1. Once fully extended, how much extra length lies between residue 102 and residue 73, figured as 0.36 nm per residue of separation less the alpha-carbon to alpha-carbon distance?
2. Suppose each label sits 7 Å from its Cα in the direction of the beta carbon; what would the residue 39-residue 85 distance come out to in nanometres?
3. What share of Cα pairs, in percent, lie more than 16 angstrom apart in the stretch 42-105?
């Protein structure tokens, strides 16, 4: 609980919906949350899921990109690809190619 910040216990579902809030925050909770962290709760969850997927890619903990999508609760591979493109400006294969090129330049 974050009572010092004027928040109550909150459970955030995978779809970004909230439940279990206390203290009369009510329908204003998403806007209250946005005021605290600077982004909407759904965008915060998208960013968090993408960061987890990117960490998995960096650690090479996958066989196929569809494994990354599945492991990180994306609806399907195209959903993962859209988020990847939105957050990096690159397709995953372009990202991997550029990352390898940068590493090779420092080797």
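1. Numbers: separation 29, 0.36 × 29 = 10.44 nm, distance 2.96 nm.
Result for the pair: 7.5 nm of gain on full extension.
2. 1.9 nm
3. Details: 840 of 2016 pairs.
Pairs farther apart than 16 Å: 42 percent.
Values in this text are rule-based calculations from the coordinates and carry no lab data. All values reported here derive from a predicted model rather than from experimental measurement. Methodologically, a virtual Cβ is constructed for each residue, glycine included, from the backbone with ideal geometry; neighbour enumeration extends over all protein chains shown.
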